[in-house]
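Working notes, beginning with the structure itself.
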Amino acid sequence: MEETDVIRNRDAVLEEIADACRRSGRDPKEVTLIAVSKTKPEEMIRTLYAAGTRDFGENYVQELDGKIADLPDDIRWHMIGHLQRNKVRYVVGRTAMIHSVDSLRLAEEISKESVKKNVISRVLIEVNVAQEENKFGFRLDEVKPFLQQAGTLPGIRFCGLMTSAPYTTNPEDNREYFRALKKLEIDINRSGIDNIQMDVLSMGMTCDYTVAVEEGATCVRVGTAIFGARDYSNR
């Protein structure tokens, strides 16, 4: 893919986000586009960086570690993939946000490492809204009890919720899941749980990000529509 193609693709995604915001009465500035750069070469990231993109998402800790070392310091890295507890130390203090907190034990490990490094880790709770067996995350009804246990952990700030809706060729199929996550956010904010006030909804990917924006997403995680199809042959 040519450098100009990556920039043109990103700009097209941004325009679609703006259109979705107009349809739903929102300000496009409320939505952050996270360019999901997993498996993609650093040259592509540098191209988008030079064109103004600062938010990038990675799924694999080892790949993230290498890219952080090689690329500009002011990139805002988002850990969006499943995070194992034994790799937390490579992520805490080096990322803008961890999107995939899916257990109390993981939250406790992030808290422990954050205190050790004297940082506040901004995290999202991963919610498996569609209850897909092959995905991580809490059920909708598990999130409030989790927050009542984890909400006061030191060194960690629960900023909001994340979900990965089912892959679909019809984005409308996933509207119900995005709507349910938004409702949960509202319910949590009204619940008065100590130290919890959420304002981040990370939902929507290449197949459905416009519908996610219409339903309240503040972060969309888009990879293929920007970088093209991925090659996993070396994994």
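The values are calculated or read from the model by the stated rules, or taken from the named source; none is laboratory data. Everything numeric in this text was worked out from a predicted model, so none of it was measured. We place every Cβ from the backbone using ideal geometry, glycine too, and count neighbours over all the protein chains shown.
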Working only within the stretch 119-152, note down all residues that are among the hydrophobic types (A, V, I, L, M, F, W, C), farther than 18 Å from Ile186 by Cβ and touching a helix residue (DSSP H, G or I) at 6+ places or on another chain (Cβ under 9 Å). Val119, Ile120, Val123, Ala130, Ala150
When (1) among the polar types (S, T, N, Q); (2) closer than 18 Å to Glu58 by Cβ; (3) modelled with pLDDT of 95 or more are applied to Thr218, the one that fails is (2)
Looking across the stretch 128-173 at residues that are surrounded by fewer than 16 Cβ atoms within 10 Å (Cβ to Cβ) and of a type in the set (Asp, Glu), the single one that is modelled with the lowest pLDDT is Glu133
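From Pro154, Pro145, which residue is without any contact (Cβ under 8 Å) to a residue 24 or more places away in the chain and closer than 16 Å to Asp194 by Cβ?
Working: Pro154 fails: without any contact (Cβ under 8 Å) to a residue 24 or more places away in the chain.
Unique residue meeting the criteria: Pro145.
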Filter the stretch 201-222 down to residues that are touching a Lys or Arg at 6+ places or on another chain (Cβ under 7 Å) and part of a helix (DSSP H, G or I), then give me how many there are. 2
Filtering the stretch 185-213 down to residues that are closer than 13 Å to Ala165 by Cα and among the charged types (D, E, K, R) yields Asp208
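What do you reckon, is Glu15 out of contact with any helix residue (DSSP H, G or I) (no Cβ under 7 Å at 6 or more places or on another chain), within 24 Å of Cys207 (Cα to Cα) and not aromatic (Phe, Trp, Tyr)?
Numbers: out of contact with any helix residue (DSSP H, G or I) (no Cβ under 7 Å at 6 or more places or on another chain): yes; within 24 Å of Cys207 (Cα to Cα): yes; not aromatic (Phe, Trp, Tyr): yes.
The answer is yes for Glu15.
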Here the residues within the stretch 7-41 that are touching a strand residue (DSSP E or B) at 6+ places or on another chain (Cβ under 9 Å) and not polar (S, T, N, Q) are Arg10, Val13, Leu14, Ile17, Val31, Leu33, Ile34, Ala35, Val36, Lys38
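Residue-by-condition table, conditions (1) farther than 17 Å from Glu126 by Cα; (2) modelled with pLDDT under 95; (3) under 19 Å from the mean Cα position of the chain (by Cα); (4) not charged (D, E, K, R):
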residue	(1), (2), (3), (4)
Thr4	yes, yes, no, yes
Arg22	yes, no, no, no
Gly25	yes, no, no, yes
Leu33	yes, no, yes, yes
Ser37	yes, no, yes, yes
Ala96	no, no, yes, yes
Val101	no, no, yes, yes
Val115	yes, no, no, yes
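Based on what the data block shows, is Leu48 over 17 Å from Leu124 (Cβ atoms) and either in a loop (DSSP other than H, G, I, E, B) or without any contact (Cβ under 8 Å) to a residue 40 or more places away in the chain (or both)?
Numbers: over 17 Å from Leu124 (Cβ atoms): yes; either in a loop (DSSP other than H, G, I, E, B) or without any contact (Cβ under 8 Å) to a residue 40 or more places away in the chain (or both): no.
So Leu48 does not fit the description; no.
Report yes if some residue within the stretch 225-235 is in contact with a strand residue (DSSP E or B) (Cβ under 7 Å, 6 or more places away or on another chain) and either at pLDDT 95 or above or at positive phi (or both); otherwise report no.
Step one: filter the stretch 225-235 for residues in contact with a strand residue (DSSP E or B) (Cβ under 7 Å, 6 or more places away or on another chain), giving 226.
In the following step, the residues that additionally are either at pLDDT 95 or above or at positive phi (or both) were identified as 226.
Yes, there is a match, as at least one residue in the stretch 225-235 is in contact with a strand residue (DSSP E or B) (Cβ under 7 Å, 6 or more places away or on another chain) and either at pLDDT 95 or above or at positive phi (or both).
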Residue count, the stretch 51-79, condition charged (D, E, K, R) and either part of a helix (DSSP H, G or I) or buried (at least 19 other Cβ atoms within 10 Å of the Cβ) (or both), comes to 5
Of the residues in the stretch 137-181, those that are under 27 Å from Ser121 (Cα atoms), of a type in the set (Val, Ile, Thr) and outside any helix (DSSP H, G or I) come to Thr152, Ile156, Thr163
So how many residues does the stretch 194-215 have that are more than 28 Å from Thr4 (Cα to Cα) and modelled with pLDDT of 95 or more? 6
